1. Those residues that are in contact with a strand residue (DSSP E or B) (Cβ under 9 Å, 6 or more places away or on another chain), β-branched (V, I, T) and within 15 Å of ligand 1 (Cβ to nearest atom), I need them from segment 197-244; list them, please.
2. Exactly one of these conditions fails for T373: (1) surrounded by 22 or more Cβ atoms within 10 Å (Cβ to Cβ); (2) free of Cβ contacts under 8 Å to residues at least 40 places away in the same chain. Give me its number.
3. What pairs can you find where one residue is in segment 269-289 and over 21 Å from Y241 (Cβ atoms), the other is assigned to a loop (DSSP other than H, G, I, E, B) and away from ligand 2 (no atom under 16 Å from the Cβ), and their Cβ atoms are less than 6 Å apart, with a gap of 6+ or different chains?
4. Quick one: is L297 surrounded by 14 or more Cβ atoms within 10 Å (Cβ to Cβ), away from ligand 2 (no atom under 16 Å from the Cβ) and of a type in the set (A, V, I, L, M)?
5. Please verify whether segment 245-265 includes one or more residues that are away from ligand 2 (no atom under 16 Å from the Cβ), surrounded by 20 or more Cβ atoms within 10 Å (Cβ to Cβ) and under 24 Å from L342 (Cα atoms).
6. For the structure I just gave you, tell me whether P442 is within 22 Å of H149 (Cα to Cα) and modelled with pLDDT under 95.
7. Looking at E335, E281, E355, which one is under 26 Å from R125 (Cα atoms), within 16 Å of ligand 1 (Cβ to nearest atom) and surrounded by fewer than 20 Cβ atoms within 10 Å (Cβ to Cβ)?
Amino acid sequence: MSIIPKPAEIMEKETVFDIKKLSKASGDPSFKNEMEVFNIQCGEFIYSGPETLVCEKDSALKDESYELSIDPGRICVAAAGGAGIYYGLQTLRQLLLSCDKEIPCCKIKDYPRFSWRGYMLDCSRHFFTVPFIKKMIDALSLHRINKFHWHLCDDQGWRFPVKGWPALIEKGSRRETLNVPGREYGGFYTAEEIRDIVSFAAARHVEIIPEVDLPGHTSAVLASYPDLGCSGGPYRVEDRYGIFEDVLCAGNDRIFDFFAAVFDTLAGLFPSDWVHIGGDEVLYKRWSACPKCQKRLEEQKLSEARELQSWITHRLVQMLAERGKTAIGWDEILEDSKQFPLPENAVIMSWRGKEGGLEACRRGRKVIMSPNTEGCYIDYKHSEDPEEPGNIGISPLSSIYNMDPLCPEMKESEAALVMGGQANLWTELIPNGRLAEYMSFPRICALAEGLWTPKDKKNYEDFSSRLALHRLRLDRLDLLQYRRD
Ligand code: ACM
Ligand code: ZN
């Protein structure tokens, strides 16, 4: 059957279901959305005969879990809520995508190991079209990845409109790629496009978490509003890659007007409880030399420029809380100050290894593990082959498969704070969706199994053998994939 991620329990039967008998999904009206999405996804397999596919409510099952029973004349998916029904239907979709005439009868009981199963796409370094983003979200949901972390701005481009701050898209949404000078391509997502993507994703039980990276990685903001920087510029939307010295000026109160407008916009567009505030790779050189920043330092009784970041983080977390949102930040925000300790409710996304995550849960903060040291940076090359595309390091399939969000040294109470894990696709070297697919698959399949499947059921050899069949499903969905694992 080769389902990925591997379900918690599978009991295979001797019989088969003839796929010519598959009807549309029908059943409990509370699952109308899930059934409609399945009927679209699997339209090519559906015949207009008698009802054979039924979705039933079973309130005894846990959130996101499902039971799938396939018998010769009938398929039944049972769950307490829409997510479970959706996942049961995705398991069936996988079987349909890899079978010619019949699918094996079976009974599957399934549930996730972690609640945060994430994928990040950087749409600043390169811009990706709405159809591509939808294709990717649909493919993620086939693998039960349920969080799409949308990196919407960085030094190389700001990608959504903010009321009262028009230059962010007029100037900040750089309109050409580094690789193809002069080629115009889309610069930002309209509010309508964002709403469309959010609802497309919600229908597939994928939650979109927007990221606005602050206060560093903000060349696009500074080029749009130079007075937000320490020196006043000149600044430019970067077409180079790296970490830049110019960041938002911590001594300028206007940065908080900017944050308020941005967060109001995000709160209006994204129903998610979370907003990612970035916070990575902030250089402090400008703050050390800026009289306004030095004044702020004295005012707040801080001793070093670097501590200004903890003051900003504090304000950002509070401003989001006022809008009903919880902040997530990269692990750098753990480096706080006595005056401004990291707020209790801030979530840490650990990327420089798992150490940040370990420290965060020791300090009682929730954690998402996305270590670049253990395969979660899928902008890195698939292998050492010099002809392979990708950034700096190597993230082989086995490495992301074996990434465990928990650490042996965590106490039970600490492990309970680990929400799950995530793969990140930074796109400095990924100019289009086709290459993004190639970088993502099959590493996403491995990540999904690592975050969904019970630990004692995980086995890399077994995964590899199932992947052989699963690759046919990816082919059928026209997803490019690296094939030399
Ligand atoms: C990061 O990779 N700078 C979070
Ligand atoms: Zn300053």
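The values are calculated or read from the model by the stated rules, or taken from the named source; none is laboratory data. Note that the coordinates shown come from a computational prediction; the quantities given were computed from them, not determined experimentally. Neighbour counts are summed over all protein chains in view; Cβ atoms, including those assigned to glycine, are modelled from backbone coordinates with ideal geometry.
1. Answer for segment 197-244, where residues must be in contact with a strand residue (DSSP E or B) (Cβ under 9 Å, 6 or more places away or on another chain), β-branched (V, I, T) and within 15 Å of ligand 1 (Cβ to nearest atom): I209, V212, T218.
2. (1)
3. The qualifying pairs are V275/K325.
4. So L297 fails the test.
5. Yes; the residues of segment 245-265 include at least one that is away from ligand 2 (no atom under 16 Å from the Cβ), surrounded by 20 or more Cβ atoms within 10 Å (Cβ to Cβ) and under 24 Å from L342 (Cα atoms).
6. no
7. E281
Table: residues versus (1) of a type in the set (D, E); (2) over 28 Å from L429 (Cβ atoms); (3) modelled with pLDDT under 95.
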{"site": "A267", "(1), (2), (3)": "no, yes, no"}
{"site": "S272", "(1), (2), (3)": "no, yes, no"}
{"site": "E299", "(1), (2), (3)": "yes, yes, no"}
{"site": "T326", "(1), (2), (3)": "no, yes, no"}
{"site": "E332", "(1), (2), (3)": "yes, no, no"}
{"site": "M349", "(1), (2), (3)": "no, no, no"}
{"site": "R352", "(1), (2), (3)": "no, no, no"}
{"site": "T373", "(1), (2), (3)": "no, no, no"}
{"site": "I378", "(1), (2), (3)": "no, no, no"}
